[in-house]
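The values are calculated or read from the model by the stated rules, or taken from the named source; none is laboratory data. Not measured: the values here are computed from a predicted model. Backbone-built Cβ (ideal geometry, glycine too); neighbour counts: all protein chains shown. Side chains are part of the model used for accessible areas, which takes the heavy atoms of the whole protein and leaves out ligands, DNA and RNA. Shrake-Rupley method; radii C 1.70, N 1.55, O 1.52, S 1.80 Å.
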Amino acid sequence: MKSTLRAIIVEDEELARNLLKDYLKEIPSVQIIGECADGFSGVKAINEMKPDLVFLDIQMPKLTGFELLEILEYKPKIIFTTAFDQFAIKAFELNAVDYLLKPYSRERFRNAVDKVYQQMKTGQETPIVEITKHIDRSDERLERVVVKSGKKISIIATGEINYLEAQDDYVMLYCSSGKYLKQKTMKYFESHLDPKQFIRVHRSFIVRVDQIHRMELYEKDTYRIHLKNETTIPVSKTGLKKLKSGLDF
Amino acid sequence: MHPILKQKTSRFYFIMAWILLTAIHVLVLNFFYHLEIRYALVDGITFDTILAVIALGLWYPVKFMQAGESRTLGLVLNYLGVALLTIALWLTAGYFIVEMILGEDNEYIPFLDQSMPWRVVSGTLVYLVVLLIYYLILYYSDLQEKIRLEANLKTLVKESELNMFKSQINPHFIFNSLNSINSLILTDHQRAQDMIIKLSEFLRYALKYNQKEKISLQEELHNTHLYLEIEKIRFGEKLRIENRIPEEYKACLIPNMILQPLIENAIKHGVYESTETVTISLDAHAPDDFLNITITNNFDPEQPGRKGNGMGLKNVQNRLMLIYNRSDLFSWNIEGTVFNAELSVPYEV
């Protein structure tokens with residue numbers, strides 16, 4: 001007898017949810033404890049009900065499936081269900097429990113659920129961090145960042161960020177509306193933000209180009225940037241080179 | 001910008017050419033005319049330096065005349081005038097400077113007087129050579145510019161063709177629709193069948209798509225509605241459609257599949273990104289000799305970023321440009337939480 005799996009469906013289309021539920025009828029060991037039609041309610045439900053398994057769509061209102069994964073506190077097993085095949089499927093197949101391309105067959109679906117059981121039996125964990133690392137979509141420019149602080153989820157357009165500062169394992173995003181802490185590396189932001197708009201001027205700082213008010217010599221060979229909001233930011237030697245080539249001076 | 005002065009290398013070659021010319025000048029005077037070396041040096045350096053400055057300055061009349069005068073006779077006369085002026089200037093200035101440096105009472109001045117006719121001849125030659133060089137430079141940069149423009153144009157055409165092909169149908173739309181059908185088969189045969197028929201009819205239309213062909217607004221609307229009804233099966237109450245296009249315009253001809261990318265845009269940024277009901281409305285009016293069609297949709301304002309790449313809108317613009325050769329037939333704007341796209345095509349039935 002298989003142990004019972006408590007599952008949540010996060011999917012914005014009713015028909016797609018119906019299909020999942022119908023497929024699950026033949027697998028009584030999987031019990032649906034919740035259904036969500038958008039990313040926000042998905043995060044809330046998963047953190048509160050702590051399911052064993054989540055069927056997750058990628059394209060959804062409010063938050064995408066990827067963004068949802070990034071801010072989860074509780075990490076269940078994930079089976080993606082999506083019509084998008086371009087999101088690094090191969091990397092996925094190695095890391096998420098499974099990746100179902102719509103439309104998918106009953107057999108394919110059963111297979112995915114079996115994989116969950118298999119992983120649980122062997123105790124082999126696929127940490128979510130591992131998965132999201134591969135979904136970094138390095139070919140795609142970051143257009144927004146999702147941050148969770150306490151109960152509040154904020155979606156920040158990259159155009160709102162004035163500058164970023166490294167803080168241990170986190171990065172602090174400074175916006176006109178306030179500051180937000182995000183668990184990512186400076187390297188991640190450096191490679192995903194539009195290099196025409198953002199320049200890493202220092203090991204610990206990335207600034208948005210159009211926020212730079214002026215730059216001045218601080219000590220011999222070291223410069224400092226003054227932002228329009230009067231913040232001062234140090235510039236390293238390599239940072240200066242990047243600024244020079246980026247801003248053409 | 002001056003073609004010789006703007007680059008380090010051309011400046012270098014110019015100076016080298018000048019040094020060479022001056023050196024030959026001085027040596028000829030010294031060896032063949034047995035002029036004392038100090039006289040030869042003053043003569044060579046003075047006259048050649050003035051000549052160098054004049055040669056640089058000649059660029060401006062060349063540039064000016066290339067832009068203005070086009071008749072051959074006019075050009076020749078103009079250049080003759082410039083030649084007379086510059087050579088006269090050159091010789092007079094040279095003469096006075098040399099005289100100032102060396103004084104009037106010496107064996108050099110009679111030589112200088114005697115050599116004047118030859119200086120006119122050599123000055124004319126240098127003048128012609130300089131003109132020739134400037135014309136070559138102009139011709140070469142023109143050619144480069146043309147090649148660059150042509151290459152740009154080619155990539156632009158290719159890109160827009162490719163993008164149009166891609167924008168015909170969004171593959172995710174097909175796969176998501178198939179998934180919905182898969183679900184309906186289990187619960188509602190009738191609607192499943194309905195959706196398959198609609199999807200097939202829409203796909204058949206989209207595959208026939210031709211960049212320049214025109215069809216009646218009636219037919220385009222029919223196909224747009226097929227698409228919208230399929231999306232309505234997927235999204236249910238979340239999608240509302242209001243068609244306010246008057247009957248009288250339905251016979252007008254418009255490019256085929258021109259509304260499709262706009263509707264798709266409205267769905268993508270409105271319905272896909274929102275949890276509330278999104279209304280897409282279609283309107284038309286025909287002032288003057290144009291048929292204006294507007295498509296509006298509301299969207300969730302709390303969706304920072306993810307604005308897409310605007311490819312769909314750009315394609316509409318490009319196609320109207322391709323067909324009507326005008327770039328002012330398409331516009332869009334955002335007012336609060338409403339997106340508004342408007343296209344106008346010459347009124348034809």
To the nearest 10 degrees, the tilt of helix B:171-187 (Cα long axis) against the first principal axis of the alpha carbons of chain B is 10
Excluding ligands and nucleic acids, what accessible area in Å² is computed for B:I45 using a 1.4 Å probe, to the nearest 10? 80
Students sometimes get this wrong: rank B:W90, B:W118 by accessible area, probe 1.4 Å, all chains present, largest first. B:W118, B:W90
FRET efficiency, 1/(1 + (r/R0)^6) with R0 22 Å, evaluated for B:S327 and B:L153 via beta carbons: 0.90
Cα-only Rg/Rh for chain B with Kirkwood Rh rounds to 1.37
Greater than 25 Å apart at Cα, pairs in A:K151/A:K196; A:K196/A:K241; A:K241/B:K314; A:K115/B:K238; A:K121/A:K187: A:K151/A:K196; A:K241/B:K314; A:K115/B:K238; A:K121/A:K187
In the stretch A:148-249, which trypsin sites (Lys or Arg not before Pro) fall in coil by DSSP and have 14 or fewer other Cβ atoms within 10 Å? A:K151, A:K196, A:R203, A:K220, A:K228
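On average, how much accessible surface per residue is there in the stretch B:258-344, in Å², for a 1.4 Å probe, leaving out ligands, DNA and RNA? The partial results should precede the final answer.
On the way: 3730 Å² over 87 residues.
Heavy-atom SASA per residue in the stretch B:258-344 reads 43 Å².
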Would you check the accessible area of B:T124, probe 1.4 Å, heavy atoms only, in square angstrom rounded to 10? 50
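Please list the three semi-axes, largest first and in whole Å, of the ellipsoid equivalent to the stretch B:172-330, using sqrt of 5 times the eigenvalues of its alpha carbon gyration tensor.
27, 19, 15
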How large are Rg and Dmax for the protein assembly as shown when only the alpha carbon atoms are used, in Å? 37.0, 126
The protein assembly as shown - mean residue ellipticity at 222 nm from DSSP helices (-39,500 (n - 2.57) per run, n ≥ 4, rounded to 500): -17000 deg cm²/dmol
Accessible area buried, both sides summed, chains A and B with 1.4 Å probe, Å²: 2300
Solvent exposure of chain A as accessible area per residue, Å², 1.4 Å probe: 50
Which residues in the stretch A:149-171 place their backbone N less than 13 Å from a point set 7 Å from the Cα of A:E73 along the Cα-to-Cβ direction? A:149-153
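Could you tell me which of rounded, prolate or oblate describes the stretch A:1-50, using a ≥ b ≥ c as the square roots of the eigenvalues of the alpha-carbon gyration tensor, with rounded for a/c under 1.5 and, failing that, prolate when a/b is larger than b/c and oblate otherwise?
It is oblate, given that a/c is not under 1.5 and a/b is not larger than b/c.
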May I ask you to give the percent of accessible area on the stretch A:145-227 that is carbon plus sulfur, with a probe radius of 1.4 Å? 47
Which aspartates and glutamates does B:K268 reach when only Cα atoms under 13 Å apart count, and residues fewer than 8 places away in its own chain are ignored? B:E231, B:D300
Taking A:R106, B:R234, B:R11, B:R244 and ranking on accessible area (1.4 Å, protein atoms only), highest first, one gets B:R244, B:R11, A:R106, B:R234
